[in-house]
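Enquirer: My questions all concern the structure below.
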Amino acid sequence: MTPVIETAAIFHNATPADLYELFMDSAKHSAATGAPAKISRKIGGKWSAFNGMICGKNLALLPKQMIVQTWRSTAWKAADPDSILVVHFEKSASGGATVHLAHIGVPQYDHKGVTQGWMNYYWKPWRKYLKGRKRSG
């Protein structure tokens, strides 16, 4: 079994609700990552991001707090089971918000790429997006 990917990031200029919306709102997700996303806001609904390169289904949603989804990449083998993604948003002690992520079941051959991907394709672009949004609005 592959190790769980665990990561956390603090966003000083956002609330837990802001971060939840960046993940769950198709337009905001697309704008923040710079790539097309289509995201259902319903439990059992499908989602895709990065023009369909990653996709899955919503398993549990607690608005402004937590998202649980199946998750898979088009680079994975057909025989690979979907992974499970758990994302939790909370208010930071220093102000702002923290996102905690646990990604379970990523195939060993893509583990490093997915681990780095969270930083490179989500947390870094989110920081840039939020910085621009707060200063302009």
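Enquirer: What does the charge count near Met24 come to, summing +1 for each Lys or Arg and -1 for each Asp or Glu among other residues with Cβ under 14 Å from its Cβ?
Expert: Net local charge, Met24 excluded: +4.
Enquirer: For the pair His100 and Lys57, how long in nm is the line joining their label points, each one 7 Å along Cα→Cβ?
Expert: With each label placed 7 Å out from Cα toward Cβ, I get 2.7 nm.
Enquirer: Further, regarding this structure: Return the long-range amide H neighbours of Trp76 (sequence gap of 5 or more, or a different chain), with a cut-off of under 5 Å between placed amide H atoms.
Expert: none
Enquirer: Ser40 versus Lys64, label points 7 Å from Cα toward the beta carbon: distance in nm?
Expert: Modelled inter-label distance: 2.5 nm.
Enquirer: Cα-based Rg of segment 26-137 per 2.2 N^0.38 Å, rounded to two decimals?
Expert: 1.09
Enquirer: At 222 nm, what value in deg cm²/dmol follows for the chain if DSSP H runs of at least 4 each add -39500 (n - 2.57) and the sum is divided by all its residues, to the nearest 500?
Expert: -8500 deg cm²/dmol
Enquirer: Here is a further query. Near Thr70, within a Cβ-to-Cβ distance under 9 Å, what is the net charge of the other residues, with Lys and Arg +1 and Asp and Glu -1?
Expert: Once all neighbours under 9 Å are counted, the net charge is +1.
Enquirer: Starting from the Cα of Lys38, draw a straight line to each of the aspartates and glutamates and keep only those under 17 Å, dropping any in the same chain fewer than 8 residues away.
Expert: In chain and number order, the partners are Glu21, Asp25.
Enquirer: Using the Karplus curve 6.51 cos²θ - 1.76 cosθ + 1.60 with θ = phi - 60°, work out ³J(HN,Hα) for each residue of segment 72-88 in order, rounded to whole Hz, and write x for Gly and Pro.
Expert: With the stated coefficients, segment 72-88 comes to 8, 10, 5, 7, 7, 6, 4, 6, 6, x, 4, 8, 10, 10, 10, 10, 10 Hz.
Read the figures in this text as sums done on the coordinates, not as results from a lab. Everything numeric here is computed off the predicted structure, so don't read it as measured data. When we count neighbours, we look across all protein chains shown, and the Cβ atoms used for this are built from the backbone with ideal geometry, even at glycine.
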